[in-house]
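The values are calculated or read from the model by the stated rules, or taken from the named source; none is laboratory data. Since this is a predicted model, take the numbers as computed values, not measurements. Reconstructed Cβ throughout: ideal geometry from the backbone, glycine too, with neighbour counts over all protein chains shown.
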Amino acid sequence: MPVRIEEIAGDVVLGLYAIGQGRAEELRGERELLKLMLGREVEISHNADGRPLISDGNVSISHTKGHVAILFSPTRSVGVDIEFPSERVKRVAPRFLRRMKGTIRQRTCR
């Protein structure tokens, strides 16, 4: 599966991973991507609100049609959200996404 891992700010790392469809694929993708990002297997638990927790630091996980994104930092609070491009997303995106040079910022898993 295509993988992209990059340091985006100091100690903040973004991972993007292409997965198959369904919840089992999402969970498998989470485990595999975190292992690639951190260099070892990591146990993921969740707090009462459903936020993912790992012992190594702060993590945020998001899924969309065929992709999983993970944002990780050992010291900073992080949050990530990905959405499959659709007409609905295009309509609401300007309310939530920062504009850069007149276009909505996008990163793709390629």
Search result, residues across segment 3-18 that are part of a loop (DSSP other than H, G, I, E, B) and surrounded by 11 or more Cβ atoms within 10 Å (Cβ to Cβ):
ASP11
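Say we look at segment 33-56 and pick out the residues that are part of a loop (DSSP other than H, G, I, E, B) and of a type in the set (A, V, I, L, M); which of these is surrounded by the fewest Cβ atoms within 10 Å (Cβ to Cβ)? Step through it out loud before you land on a result.
Initial filter on segment 33-56 (part of a loop (DSSP other than H, G, I, E, B)): 39-44, 47-51, 55-56.
Still in the list and also of a type in the set (A, V, I, L, M): 42, 44, 48.
Working: VAL42: 16, ILE44: 15, ALA48: 5.
Checking each candidate, the answer is ALA48.
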Over segment 61-100, the set of residues of a type in the set (Phe, Trp, Tyr), modelled with pLDDT of 90 or more and not in a strand (DSSP E or B) is none
Scope segment 64-84; condition crowded, with 18+ Cβ neighbours inside 10 Å and not aliphatic (A, V, I, L, M); matching residues
HIS67, PHE72, SER73
